[in-house]
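The values are calculated or read from the model by the stated rules, or taken from the named source; none is laboratory data. Owing to the predicted nature of the structure, the values given are computational and were not obtained by experimental measurement. Using ideal geometry, Cβ is built from the backbone for each residue, glycine included, and neighbour counts are taken over all protein chains shown. We work out accessible area using only protein heavy atoms, side chains counted, and drop any ligands, DNA or RNA first. Shrake-Rupley method; radii C 1.70, N 1.55, O 1.52, S 1.80 Å.
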Amino acid sequence: MRSASATWSVIADLVADTVAQSSALLRDEAMQAMSAVEAVGRMLVAGGHLHKHPITLVAGKVHCEITTVSGTAALTLEENLNPVPGAAGADDFTVYLPSPAPLQEQVKAAVDGHARLSDAAPPTAETKAASSGPLIDREALRRAVTQR
């Protein structure tokens, strides 16, 4: 069991450690982004909003949804605070914050100040994977050439 402030520190470290796997990105850059939304992040934690609506980190192949638990559930679940593998090749990252009704204005104001933060809905992992495939349908191209 942690306070909202301590929980936010753990979340910020998890994001920063995950981003730091990339040689093109700096841990400090992720920490600056997370610091920019620390106050609203603590409100999201304290209000229980991160139980249902995750913070989502998208960095290269990483699509990490971060949620929290409290009460007796916190005593029975095992934390996973290890950096999420897959960000080594990332050259960009975005942290998507949930924007629940009572905090929409605060979240919007916090993310507007930093390019790595967003209050938009994060891309789904499937959409990102589907859109990252080859742009050329090699089979269709081969068939078109052989038909000539």
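Considering the conditions (1) touching a Pro at 6+ places or on another chain (Cβ under 9 Å); (2) closer than 18 Å to Ile11 by Cα, Val84 is excluded by exactly one of them, (1). Listed conditions (1) out of contact with any Lys or Arg (no Cβ under 9 Å at 6 or more places or on another chain); (2) over 16 Å from Val107 (Cβ atoms); (3) of a type in the set (Asp, Glu) are all met by Glu29, apart from (1).
List the helices (runs of 4 or more DSSP H) inside region 77-148, counting only whole elements, that have at least 2 residues being loosely packed, with under 14 Cβ neighbours inside 10 Å and at pLDDT below 80.
Working: elements: 104-112, 125-131, 138-147.
Helices (runs of 4 or more DSSP H) meeting the threshold: 125-131, 138-147.
List pairs: first in region 70-91 and under 27 Å from Ser3 (Cα atoms), second of a type outside the set (Val, Ile, Thr) and exposed (fewer than 10 other Cβ atoms within 10 Å of the Cβ), Cβ under 7 Å, 6+ apart or cross-chain? As it stands, the answer is Ala74/Met1, since those pairs meet every condition given.
Just a yes or no: is a residue in region 1-10 in contact with a helix residue (DSSP H, G or I) (Cβ under 6 Å, 6 or more places away or on another chain) and surrounded by fewer than 15 Cβ atoms within 10 Å (Cβ to Cβ)? Yes, there is a match, as at least one residue in region 1-10 is in contact with a helix residue (DSSP H, G or I) (Cβ under 6 Å, 6 or more places away or on another chain) and surrounded by fewer than 15 Cβ atoms within 10 Å (Cβ to Cβ). Open to solvent by 40 Å² or more (accessible area, probe 1.4 Å), touching a helix residue (DSSP H, G or I) at 6+ places or on another chain (Cβ under 7 Å), in contact (Cβ under 8 Å) with a residue 24 or more places away in the chain and over 19 Å from Lys108 (Cβ atoms): is that true of Ala20 in this structure? Yes; evaluated as a whole, the condition is true for this residue.
Identify the residue in region 47-76 that is assigned to a helix (DSSP H, G or I) and open to solvent by 80 Å² or more (accessible area, probe 1.4 Å) and, among all such residues, is modelled with the highest pLDDT. Break it down into steps so the answer makes sense when it comes.
Applying the first criterion (assigned to a helix (DSSP H, G or I)) to region 47-76 yields 49-51, 72-76.
Now restrict to residues that are open to solvent by 80 Å² or more (accessible area, probe 1.4 Å): 72, 75-76.
Numbers: Thr72: 74, Leu75: 73, Thr76: 77.
The extreme case among them is Thr76.
Glu29 fulfils the conditions (1) closer than 22 Å to His114 by Cβ; (2) assigned to a loop (DSSP other than H, G, I, E, B) except for a single criterion, (2).
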